[in-house]
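Asks: Next up is a structure, given as structure tokens.
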Amino acid sequence: MSYVIDKQLHEQLNSLQPQLAAFPEFTPGDPSGWRRRANELYKLVNLQFPFQEGLRTVELHIPFQTQMLQARRYSPDDAFSRGVVLYVHGGGGVAGSVELYDRLVRAYAYQSNVDFISLEYGLAPETPGLTQTEQVISAISWLQANSEELGIDPERIVLMGDSGGGGIAASAALLARDREIKLAGLVMVYPMLDHRTASEVPELTPYLSVTAEEAKTAWAARLGDEIPESRLYAISPASAVNYAGLAPVYMDVGELDLFRRENLEWIHKALRAAVQVEFHLFSGVNHGFELLAPTSDAARQAFDLRSRAIKRMIA
């Protein structure tokens, strides 16, 4: 068995090697260490994305229990519709922020010509995984309840997330279905879905940008104390038994991504439950491929497919 990395991605990774080699060390089992390392990666990512003009931004404050969640709204000057995408940033649920994702979310809003709202949810281990999911649910409910004031259609809310944020979005979509909260769609970019982290295929190890040890560290931080089996899907969506009734789903993942198997299995279960699904497996690329090489052909294709899916969901 052998793998071949995308040529354009390989060239970009080689050019960034000095910066990547200078990242803080990570010790397995230390979520704070991974947070520092991951956030340095996001700072590097921001250097790859140009600052997108032509968007209006507004800071929002969304109530959750006794606190307020911060969020940032990105509005194109001539939006495609009154639909909106609620974005849950990546970072394994232990890293990342609205600010670190600013340029990426701007790029999505500009390319799709759709309003985006980027949510500042709490990070683990300070904020447990169940609470993270409930924060997303609260944000959806608040958007619907205040839709007239916000100028959005409450039935055209798409939930989107990447990596750890994609997994939180998946759990939130399952809970939304159970609570009869309507979503227009669910967009997941190489999501982290299964706390039973897959073992690495040895031949794949040299290409991994997120390793099994890093994923296990994030999951341990998010799971915290033992929770009932019946509630596990609200943190680890691969634990779900019932996939029926989900909003239309879009998902993509790279061939060289640790999460490829759990992504394929999740999509297969959704298909068997008659969920409307669009799925793409990108050859020769790993986790976060479009973040570090945004001008590569694979990245351009991914951004285009995601934007088209969002437009279809809210049309």
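No value in this document is a laboratory result; all are computed from the given coordinates. These numbers were taken from a predicted model, which means no experiment stands behind them. Reconstructed Cβ throughout: ideal geometry from the backbone, glycine too, with neighbour counts over all protein chains shown.
Asks: List the pairs whose first member sits in region 62-81 and is closer than 15 Å to Q111 by Cβ, whose second member is in a strand (DSSP E or B) and β-branched (V, I, T), and whose Cβ atoms are under 6 Å apart, counting only residues at least 6 apart or on separate chains?
Replies: From region 62-81, the pairs are Y74/T57.
Asks: Could you tell me how many of the residues in region 208-240 are part of a helix (DSSP H, G or I) and not polar (S, T, N, Q)?
Replies: Total meeting the criteria: 18.
Asks: Take Q12 and decide whether it is crowded, with 16+ Cβ neighbours inside 10 Å and either over 28 Å from K311 (Cα atoms) or polar (S, T, N, Q) (or both).
Replies: Taking the combined requirement at face value, the residue satisfies it.
Rundown of residues vs (1) polar (S, T, N, Q); (2) more than 27 Å from N146 (Cα to Cα); (3) part of a helix (DSSP H, G or I); (4) over 17 Å from the mean Cα position of the chain (by Cα), yes/no style:
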site	(1), (2), (3), (4)
L13	no, yes, yes, yes
E25	no, yes, no, yes
N46	yes, yes, yes, no
P50	no, yes, no, yes
I62	no, no, no, yes
R72	no, no, no, no
D78	no, no, no, yes
L86	no, no, no, no
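Per-residue answers, yes or no, for (1) in contact with a Leu (Cβ under 8 Å, 6 or more places away or on another chain); (2) assigned to a helix (DSSP H, G or I); (3) surrounded by fewer than 24 Cβ atoms within 10 Å (Cβ to Cβ):
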{"position": "P154", "(1), (2), (3)": "yes, no, yes"}
{"position": "G161", "(1), (2), (3)": "no, no, no"}
{"position": "G165", "(1), (2), (3)": "no, yes, no"}
{"position": "A170", "(1), (2), (3)": "yes, yes, no"}
{"position": "A173", "(1), (2), (3)": "yes, yes, no"}
{"position": "E180", "(1), (2), (3)": "no, no, yes"}
{"position": "V187", "(1), (2), (3)": "yes, no, no"}
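Table: residues versus (1) over 13 Å from the mean Cα position of the chain (by Cα); (2) outside any loop (DSSP other than H, G, I, E, B); (3) of a type outside the set (G, A, S).
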{"position": "G93", "(1), (2), (3)": "no, no, no"}
{"position": "S97", "(1), (2), (3)": "no, no, no"}
{"position": "S118", "(1), (2), (3)": "no, yes, no"}
{"position": "G122", "(1), (2), (3)": "yes, no, no"}
{"position": "E126", "(1), (2), (3)": "yes, no, yes"}
{"position": "E134", "(1), (2), (3)": "yes, yes, yes"}
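Asks: For region 22-35, how many residues meet the condition of being touching a residue at least 40 places away in the same chain (Cβ under 8 Å) and either aliphatic (A, V, I, L, M) or farther than 16 Å from R222 by Cβ (or both)?
Replies: Looking only at that region, the number is 1.
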